[in-house]
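> Below: one structure in structure tokens.
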Amino acid sequence: MTLSHYNRRDFLRELGIGAAALPFLAGLPSLRAANSSNTAALSRKRLVIMFSPNGTLPKELWPNQFGADIPLEIKSILRPLDPYREQMLLLKGVNNKIRGDGDGHMRGMSCLLTATELNPGNIQGGSDTPAGWASGLSIDQQIRNFFQSRKETRTRFGSLEFGVAVPNRADPWTRMCYAGDDKPIAPLDNPGQMFQKLYGGAQDRESIAGILDYVREDLRRATRKLSSEDRALLEEHMQLVRKLEQDIEAARNQNELTHPEPEVDPDIELVNDNTPAISRMQIDLLVNALANDMTRVASLQYMRSVGQARMRWLDVQEGHHSLSHEPDKNLKAYEKLKRINLWFAGELAYLVKRLADTPEPGRVGGNMLDHTQIIWVNELGKGNSHTLSNIPFVLIGGGAGFKTNRALDFKGVPHNRLWLSLAHAMGDEKLQSFGTEKFSVDGPLDLS
Amino acid sequence: MHYTNANKQRGKTQLIRLFSFLMLILLWAAPAPASLLAADAIPETPVVLNDSGASIYKEKCANCHGSDGQGVDAEYDEPLFGDRSIKALTRLIRRTMPEDEPENCVGEEAHQVAEYIFHEFYSIKARMKKGLNPRIELSRLTVPQYRNAVADLIGHFTPPAGKLSGKKKSDDKTASSDSIEAGLQARYFQSKGMSKANKLHLERNDRYIDFDFGEGSPTEAITADQFSITWDGSLKAEETGYYEFRIHTQNGIRLYLNSENTGKRGKLRDDSSLAGQAALIDGWVSSGKMRKHSARVFLLGGHRYPLRLEFFKYKEKTASIKMEWKRPHGAWSVFDHHFSSTAPASRTFVVETPFPADDRSLGYERGNAISQEWHSATTHAALASAVEIINRLPLLAGYRKDTTETKDLLKDFVIRFATLAFRRPLTRDEDQMYRESLFSKAANPEAAVRWAVLLILKSPSFLYTNLPATEDTPNDFVIAAKLSFALWDSIPDQTLINAARNGKLTTSEQITSQAHRMMNNPRTRTKLQRFFNHWLELEERDLAKDKDMFPEYDETTISDLRYSLNLFLEQTVWSEESDYRQLLLADHLLLNESLLDLYHPDDENSEHPKSKPESDAPPIADFEPVVFSPERRAGVLTHPYLLSAFAYHNNSSPIHRGVFLTRNIMGRGLRPPPKAVAFKNEEFAPDFTMREKITKLTRDTTCMACHSFINPLGFALENFDAVGRWRTRDNNKPVNSLSEYITESGDTLEVQSARDIADFAVSNESAHKAFVTQMFHHLVMQSPYAYGPYSVDQLRKKFAENNFNIQSLVSDIAVLATGHRQTELTLSESKP
């Protein structure tokens, strides 16, 4: 086995499993942050999709008036996002029209980004026929593949799937990203693991650097008692240790990040009550990964469809999904759902603020939000009606170049057309159809 | 295949390095018959060498062999030494030297030069006097040793596997879960919606994972619309390498392999049933069509891994599941009871980091050299091990997850970890560093453990197997480590450590009794299995054959044959007799049904081997002994796996077979061919037999120097075709397998069959010593002569006294290699 073969295989393996993914020693220029002076950086476009479950409260979200020329009105749930009103676009009347196998939640979740039917399968929902995984890839992966297919937009990871409090189970209610038919992608909801995936190499390097002095001392001690023939072996060993030390030093300089990695408590327990802290860590990691151009596509999935998170940090003791079933007139439940949705909006606002506060690499005066398209999605329009119509699509940022500071009501178009608009806006203009073909025939929505 | 290339390549990987002398080679690995032992010939009084020997040597030999027999580059670069007597040397020189004109040094001249080189540098005594004898070299862990040591180090802290859960009814006396059997423990459930394991209806042992329920259900008690099955047990990995799995099903499955076996199990539901554990294959969600799920995993040979397979059907029309796997050197086959057991197992951490191959220039793996790739691999492996340990820290260090004050527990853990890794008590400095310095420097106790693990696994005290002991290390610890590396390729277990700690590895009896205990361990079996892979050259063989000529001989056949051979070796070695001679003499093969079709004993007695034998015997279910005519088959020599390995894709290869028999079985050294000669089938007359072709090809005198004894051995197996089937005709002519073979001592032997060769080898001391030496190399990874000039003779003598019991030999070698002084004395009493 040659060394180069070993390195390559080892490296690819690391990319795959995420341990020590940043090359431990040698800098690999093609996969490092693109030089900020090149042209690709100037036209950089990014996509972040954030998901929260169990429907919204329409009255707390939708403005009273829709229209191309009417400035956006911010209702209660969206209040944390008020500072970014001018970069926001609200879309009503965009429906998930996918039918077939699976219950509403399953299709709501697994057809949300794929816009195509579920395969028949063996997972029984609360109603309808059992179903399996979605039968096509999701829009984030479509755009990821498009970016990865071009040298100037290719990044080390292509896409990153973040999760927050996603239960450890794999079924159509827990997966929204798909690499293709029958190929769900699991979000990574452990910030420690995500950190390891992003910065593991650097971390390992520092760990090793920390012990080399001791190793040298050990070697010196062991060498003393050896015959001269045997000593040669340990002297060679000592040279290898010195070489490693030099290599680490060189790698440190070479791999310096545009944005140093955020501090993450690697041992944070993945329990419900830590969700707010985990959420912030994941957002910090996400923003950093974008800033270092490790990826240009990311998703951030909170819990799952039918999620029963108990948000005690909001003084809500009941499970989220049960609450979402309560009729509107249950004012207590209504108020709690408002609190829950406000919290999600607050997390989104934190993400938006982090991006807005981070200068766009290579652009004087610009910030990253100007070049990032955020889309906040939900699998349902409304919790207690389980409708897949009027899903709240909240778009923020300038990545797609859509016209913002307004709310539009499309009165019931398939959401396939929204994803088609998004793909075109991100540069994938040749895409004719996305997801179920019959829902794409009218082409992309006009959002410019 | 080219003759030269084949041999050159073999030269690199041979079990025996070729130290050649005067065409024939005499070395530790190629010993002479006992009557010619060097020891016998050592005179008691100093010898006055006559000058003429020296001058003859200078004139006729030194050009190629160097002034002091050290060898000359590009001529003959191996040093001259060995254990032949002066008489034997004389005969050899007379017959064969100088290479280009053997008649130039005969008679008294040959005797004088033999006497000269014997006393100057050839004999063991001469070499000892001159300080030329091999010494014990500083060695690092070999790659298998590294992987085993890390696995056992972490395994040491892993709690033993809990009993497999499952509601055990105390009144159920027939509960199968208590007995350990081959296969997997299967439980069949009626499902009810989300509750997949709603009601247990059938519990049994499944030997194959290959079921097609069609539109029905596994048992009448279960309805066909929804049911689930779980299979539990463990997987036995015999070899180290990548294992591939694929599961075909249209339903839902999860495969857990090498998960933490906590004995705890969640309910079987759509959400995972082994809480918090990642499935190797998660195919729980079906898609209404037949699917193939695959995964690949690197496993360490000699370990059992916990395995759980879950299956469920929910309203799909049909149900089926087939789990196949592919072992290293194996073909895809249904996962079955040969490699599974209902016994529970604990997780074993496997270092997957690729390492550069160990040096094999002397014919056996050893840790004599380091390189940047190796160093970098040890770094990566240390990092991976640290991740494993930190992830499982509460379990390994033995505290509950909610424990708040872990510092002292973790200090204790680190000290125990280091002690095991270094195979000795820590020095005061080390203790201070691991207990205090690291913990005070690190941000938190976990970080200190991480550093400690990295440091320990990068320390020379872990990485080198035989550093000089620190002043305060009791010798018992040194001995414990030597035993465990020799027998297990790993670190000592708790029993050995306890013995060392209590000073119970001091006397020869104590050491021997530990060695005996250690024999009965899967690690020893694995180590011996690898020995046989070396000895029989089973590694990296291409056994593919001409598909038109041998349509039945496919990957599965090769895989089955390899299994059959390994099973034979295992059964022979681990029987009570453990008789080396049976390896060569046995008259049976272990065959399964499909192998029996190909290699039927009745075929061999028939003139028309193609016709199906008519037999009343019931079909055999599994690998069972099938007896052959003793004149035809003889132990491993005629095992079809070896016969096909040493053959061309379309015919036998007497040269490959002959070279193998000469070196590995007869213990006779061979030098590389003096000139490149390729075997080109098309250059021979079309009606030639293979024997005629080889005879013609090697007729040159320089070739015949070696082929005079390679060919007769190879020709003796000419009754076996390219896949090891019996034949009586080759190229439409009767096979002639009879030749005269000149033994090393100059006797003429008629050989006509494998049995003739086997009979000769089992009673021949050269052959015994070759086996002993090769075993020593494999176990100790040093030259046996570094442990005393007579070590091989002593071991061979004992081997013979013990009726060639392989297990005794192995344990004797391990004991000898501890370097225990008393042991040496005991052994030297039996000096030849």
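> Tell me, what are the semi-axes, in whole angstrom and largest first, of the equivalent ellipsoid of chain A as set by the roots of 5 times the Cα gyration tensor eigenvalues?
They are 44, 24, 21 Å, listed from largest to smallest.
> Can you tell me the order of A:123-134, B:572-583 when each peptide is scored by its average per-residue count of other Cβ atoms within 10 angstrom, highest first? Before the final figure, lay out each step's value.
Values: A:123-134: 21.0, B:572-583: 18.6.
Output ranking for A:123-134, B:572-583: A:123-134, B:572-583.
> Please identify every one of the trypsin sites (Lys or Arg not before Pro) in segment A:218-251 that sits in a loop by DSSP and has no more than 15 other beta carbons within 10 Å of its own beta carbon.
Those that pass, being in a loop and sparsely packed, are A:Lys225.
> Please give the helix A:275-291 orientation as an angle from the longest Cα principal axis of chain A, in degrees from 0 to 90, rounded to the nearest 10.
Computed tilt is about 70 degrees.
> Sticking with this one: Please determine, in degrees from 0 to 90 and to the nearest 10, the orientation of helix A:331-357 with respect to the longest principal axis defined by the Cα atoms of chain A, where the helix direction is its Cα long axis.
50
> Taking R0 as 56 Å, what FRET efficiency do you get between A:Lys243 and A:Glu318 from their Cβ-Cβ distance, rounded to the nearest 0.05?
That pair, A:Lys243 with A:Glu318, gives E of 0.40.
> Hey, what angle do you get for helix B:3-13 against the long axis of chain B, alpha-carbon based, 0 to 90 degrees rounded to 10?
60
> What is the P(r) of segment B:176-341, as percent of Cα-Cα pairs per 10 Å bin from 0?
All Cα pairs, binned at 10 Å, distribute as 11, 41, 37, 10, 0 percent.
> Which whole-number percent of Cα pairs in segment B:531-762 have a distance greater than 26 Å? Display every interim value, and only then the final one.
Details: 9467 of 26796 pairs.
Counting every Cα pair in segment B:531-762, those more than 26 Å apart make up 35 percent.
> Could you run the Debye sum over the Cα atoms of segment A:195-263, one equal point scatterer each and no solvent, and tell me log10 of I(q)/I(0) at q = 0.21, 0.27 Å⁻¹, two decimals?
Debye output, listed in q order: -0.88, -1.17.
> Here's a follow-up. Can you give me the C-alpha center-to-center distance between segment A:38-115 and segment A:386-432, rounded to a whole angstrom?
About 8 Å separates the Cα centre of segment A:38-115 from the one of segment A:386-432.
> Okay, next question. Take every DSSP beta bridge with both residues inside the protein assembly as shown and express the antiparallel ones as a percent of the total, to the nearest 5.
80
> What Kirkwood hydrodynamic radius do you get for segment B:371-415 when you take the inverse of the mean 1/r over all pairs of distinct Cα atoms, in Å?
12.0
> Given a cut-off of 25 Å, name the pairs among B:Lys196/B:Lys289; B:Lys441/B:Lys482; B:Lys267/B:Lys313 whose C-alpha atoms lie farther apart than that in the structure shown. Don't jump to the answer; show the numbers that get you there.
Values: B:Lys196/B:Lys289 21 Å; B:Lys441/B:Lys482 35 Å; B:Lys267/B:Lys313 16 Å.
Where the Cα-Cα span goes over 25 Å, the pairs concerned are B:Lys441/B:Lys482.
> Return the loop-located GluC sites (Glu not before Pro) in segment A:37-134 (DSSP other than H, G, I, E, B) with at most 12 other Cβ atoms within 10 Å of their own Cβ; answer none if there are none.
Of the GluC sites (Glu not before Pro), not one in the loops of segment A:37-134 has a Cβ with at most 12 other Cβ atoms within 10 Å.
> Apply the a/c threshold of 1.5 to the C-alpha gyration tensor of segment B:355-522 and tell me whether it is rounded, prolate or oblate.
Oblate is the answer for segment B:355-522, as a/c is 1.5 or above yet b/c matches or exceeds a/b.
> In Å, what Rg and Dmax follow from the Cα atoms of segment B:458-562?
20.7, 68
> Here is a follow-up. Give me the percent of Cα-Cα pairs in the protein assembly as shown that sit more than 64 Å apart, rounded to a whole number.
22
> If you take each beta carbon of peptide B:279-288 and count the beta carbons of other chains within 10 angstrom, what is the mean?
Neighbouring Cβ atoms belonging to other protein chains average 6 per residue here.
> Please sort A:361-372, B:184-195, B:659-670 by packing, taking for each peptide the average over its residues of neighbouring beta carbons within 10 angstrom, highest first. List each step's numbers first, then the result.
Working: A:361-372: 17.5, B:184-195: 19.5, B:659-670: 24.9.
Most protected by this proxy first, the peptides run B:659-670, B:184-195, A:361-372.
> Can you sort B:His639, A:His259 so the residue with the fewest Cβ neighbours within 10 Å comes first? Don't skip to the answer; put the middle values down first.
Working: B:His639 26, A:His259 15.
Listed from fewest to most nearby Cβ atoms, that is A:His259, B:His639.
> Let me ask something additional. If all Cα-Cα distances of chain B are sorted into 20 Å bins from 0 onward, what percent lands in each bin, rounded to whole numbers?
14, 40, 34, 11, 1
> Continuing with this model, one more query. If you take each beta carbon of peptide A:220-230 and count the beta carbons of other chains within 10 angstrom, what is the mean?
Averaged over the peptide's residues, the number is 4.
> Please report, to one decimal in angstroms, the Kirkwood hydrodynamic radius of segment B:765-829 built from all distinct Cα-Cα pairs.
Hydrodynamic radius (Kirkwood, Cα pairs) of segment B:765-829 is 11.4 Å.
> So what is the relative contact order of segment B:765-829, in percent, for Cα pairs below 8 Å that sit 6 or more residues apart?
Worked out over segment B:765-829, it gives 30 percent.
> Just tell me how shielded A:202-210 is by partners: mean number of partner chain Cβ atoms within 10 Å of each residue's Cβ, no decimals.
Averaged over the peptide's residues, the number is 4.
> Could you derive backbone 3J(HN,Hα) for segment A:164-176 from the dihedral phi with the Karplus parameters 6.51, -1.76 and 1.60 (θ = phi - 60°), listing whole Hz in sequence and x where the residue is Gly or Pro?
Coupling constants for segment A:164-176: 10, 6, 7, x, 7, 7, 10, 7, x, 8, 10, 10, 10 Hz.
> Checking a compactness column here: for segment B:656-801, what do you get for Rg(Cα) / (2.2 N^0.38 Å), N being the number of residues?
Working: Rg = 17.6 Å, N = 146, 2.2 N^0.38 = 14.6 Å.
With N residues counted in segment B:656-801, Rg over 2.2 N^0.38 Å equals 1.20.
> After finding the eigenvalues of the alpha carbon gyration tensor for segment B:272-348, what semi-axes result from the square roots of 5 times each, listed largest first in whole Å? Write out the running numbers ahead of the final one.
Details: eigenvalues 119, 57, 29 Å².
Whole-Å semi-axes of the equivalent ellipsoid: 24, 17, 12.
> Please give every one of the lysines within straight-line cross-link reach of B:Lys547, meaning a C-alpha to C-alpha distance under 25 Å, and leave out same-chain neighbours fewer than 8 residues apart.
Here the lysines satisfying the reach criterion relative to B:Lys547 are B:Lys326, B:Lys610, B:Lys612, B:Lys680, B:Lys693, B:Lys733.
Every number in this text was worked out from the coordinates using simple rules, so none of it is lab data. Because the structure is predicted, anything quoted here is derived from the model rather than measured. Cβ coordinates were reconstructed from backbone atoms using ideal geometry, including for glycine residues, and neighbour counts include every protein chain displayed.
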